[in-house]
Amino acid sequence: MSNKKRSDLLPHLAAPFIIAALCISVIAVAMIKPYDKLKMYAGIAFMDKLKTDPEGSSGLVIRENEIITEHNGETSETGEVIRPKFGELYAVIKCSAFDVDVPVYWGSKAELLEKGACQSSGSAVVGSDGNAVISAHVDTFFADMDNLKKDDVITVNTNYGEFTYKVSELISFKSTDRKYIVPSEKTKLTLYTCKKDVLGSSDQRIGVICEPVGSAFYTDVKEAE
Amino acid sequence: MKNAFSYIASVIASVLLVFCILASVISVIGYTSVNEKKFKSIAASEHIDEKVCSELGRYFKERSSASGIPAEVYMNAIDSEYVSGIVDQKIDNGFHCLRGGNQSIDLSNAELDASIERFFNDYADSINYEKDEKFAKKVDAAKKNAYRVISEFSDVYKFGALEEHGVLSKVSKLYTKLDVIMTGSVAASVVLVIILLLLNLSSKSATLYWTGVSSLIAGIIGLAPTAYLLATDYFSSFSIKQPQIFTAYTSTLTMLTKTFMFASVGAAAAGIVLIIVYIIIKPKNKASAA
């Protein structure tokens with residue numbers, strides 16, 4: 001084989017391997033985010049709505065309510081909240097950083113965490129004074145928690161009003177540290193979830209503290225009731 | 001090799017061509033196979049209606065101890081034909097939502113209504129219960145609950161859950177653009193082949209080589225994961241509790257994976273043919289390739 005032929009052959013033999021290596025590398029990097037999203041969507045879709053017997057042995061009664069997310073009637077800056085019952089779907093969180101609208105159940109229990117976010121029944125009802133603490137699984141409803149940035153706007157819809165918050169602080173704390181989730185006099189919304197950990201469940205929690213920027217209590221809905 | 005520039009440019013164009021071929025294959029499969037017709041045919045061929053019926057029977061039987069309503073009250077009025085209609089409507093509605101629309105689902109079953117009413121009336125008569133407004137509300141609640149359960153169990157592709165959480169609207173953005181993506185990726189593939197031709201003007205047959213390599217690699221990239229998924233029966237390891245949902249999802253994923261695998265084999269075979277043609281043609285050209 002002449003030198004000319006050999007010098008031609010080598011690049012041609014190498015080309016498929018170079019191209020394959022480049023393509024596989026690009027695909028591997030590009031697939032990280034879609035894979036996480038797919039996992040989150042699958043987690044949400046496959047949660048079995050009827051897994052929890054509403055009147056079963058656990059004693060948990062889950063109430064699925066239709067939450068008003070678009071309201072064109074009269075509103076007021078002040079009003080009264082409706083305290084939900086344990087296991088009741090009472091709010092929906094919307095935020096541009098989240099890929100899904102997050103249903104919020106009152107009370108914290110494993111069955112409820114499979115259906116949405118849970119609000120600790122010891123915390124303040126959204127719209128009232130105090131610290132409203134909401135948590136959810138990191139592999140489903142709060143998968144996009146790390147996308148939240150300071151000044152991001154979060155809307156919480158309930159059947160008595162729409163409440164708008166602005167992210168004021170990004171937080172990270174140990175699961176044993178309760179300083180962010182205890183009741184407070186200051187009105188705020190605290191959202192948190194587990195920190196993503198490839199090795200399993202993490203002791204670390206991440207979240208955001210949001211300050212209220214707007215309240216719109218539905219006056220006509222209340223009158224109708 | 002006449003110059004390094006033409007070689008590097010050809011490698012880059014070939015890498016882009018690999019992605020364009022993959023995008024073309026995926027979008028063509030998505031366009032032709034992800035639709036209500038295919039999903040309904042899978043539901044029919046896998047006898048998903050029978051699985052739904054069986055699960056409904058099991059559910060109502062389990063609930064009978066708490067509700068006091070025997071499963072037969074529901075199951076005597078529910079058959080595969082009725083369930084099959086609901087499953088098809090759920091699939092139709094899911095794809096309507098994916099296209100940005102919505103359609104109502106008709107769950108009505110006069111036999112079921114009559115069966116529930118008969119049970120409540122007989123029971124009220126047996127204990128001399130006054131059939132007042134409260135009684136009517138209880139009958140109505142039992143009917144509503146029955147339809148809710150039937151609706152939930154028949155939504156075998158979980159379109160309802162996906163829509164409820166806003167996932168369907170996100171997927172819709174991609175799904176409604178599938179035809180654009182398909183046309184775009186096929187057009188981009190053609191453009192890249194032309195670019196390869198221009199880069200290798202001194203040896204036009206080299207275009208066959210670069211195109212062949214791209215096609216072969218696209219085929220291998222598609223073939224390797226799909227062959228793995230099918231050989232290891234990966235989808236069977238899914239932990240989906242309800243059998244009808246498990247069957248619907250795994251059958252659909254298997255169908256899509258097989259289609260993608262066959263398309264990948266086709267791409268790889270086309271690539272090998274192009275490379276062989278290039279090897280045969282090449283000695284006739286005195287100029288060196290690339």
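The values are calculated or read from the model by the stated rules, or taken from the named source; none is laboratory data. No experiment lies behind these values; they were computed from the predicted model shown. FYI the Cβ positions are ideal-geometry reconstructions off the backbone, even for glycines, and counts take in every protein chain you see.
Values for this structure:
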item	result
Selection count where residues are at pLDDT 85 or above and either on the phi > 0 side of the Ramachandran plot or not hydrophobic (A, V, I, L, M, F, W, C) (or both), scope region A:196-218	8
Those residues of region B:4-44 which are more than 24 Å from B:GLY219 (Cα to Cα) and more than 13 Å from the chain's Cα centre (by Cα), in sequence order	B:ALA4, B:PHE5, B:SER6, B:ALA44
Region A:137-179: number of residues that are over 16 Å from A:ASP99 (Cβ atoms), crowded, with 20+ Cβ neighbours inside 10 Å and either touching a Lys or Arg at 6+ places or on another chain (Cβ under 6 Å) or free of Cβ contacts under 8 Å to residues at least 60 places away in the same chain (or both)	3
Failed condition for A:LYS109, given (1) modelled with pLDDT of 85 or more; (2) touching a strand residue (DSSP E or B) at 6+ places or on another chain (Cβ under 9 Å)	(1)
Number of positions in region B:89-135 that are charged (D, E, K, R) and buried (at least 19 other Cβ atoms within 10 Å of the Cβ)	1
Out of B:ILE21, B:ILE42, sole residue that is aliphatic (A, V, I, L, M) and away from every other protein chain (no Cβ under 14 Å)	B:ILE42
Lone qualifier among A:VAL126, A:VAL92, A:VAL81, A:VAL104 - being surrounded by fewer than 20 Cβ atoms within 10 Å (Cβ to Cβ) and of a type in the set (Val, Ile, Thr)	A:VAL81
Residue match in region A:72-79 (condition: in contact with a Lys or Arg (Cβ under 9 Å, 6 or more places away or on another chain) and either more than 10 Å from chain B (Cβ to nearest Cβ) or at pLDDT below 80 (or both))	yes
Residue match in region B:94-114 (condition: closer than 30 Å to B:PHE246 by Cβ, among the small types (Gly, Ala, Ser) and within 14 Å of another protein chain (Cβ to nearest Cβ))	yes
Residue in region A:115-132 that is within 14 Å of the chain's Cα centre (by Cα), farther than 17 Å from B:HIS165 by Cα and among the hydrophobic types (A, V, I, L, M, F, W, C) present	no
Residue that is nearest to the other protein chains (Cβ to nearest Cβ), among those in region B:51-76 that are among the small types (Gly, Ala, Ser) and in contact with a helix residue (DSSP H, G or I) (Cβ under 7 Å, 6 or more places away or on another chain)	B:SER64
Residues of region B:98-108 that turn out to be in contact (Cβ under 8 Å) with a residue 40 or more places away in the chain and at negative phi, as a count	4
Answer residue from region B:136-161, given it is buried (at least 17 other Cβ atoms within 10 Å of the Cβ) and free of Cβ contacts under 8 Å to residues at least 24 places away in the same chain and is farthest from B:CYS53 (Cα to Cα) among those	B:VAL139
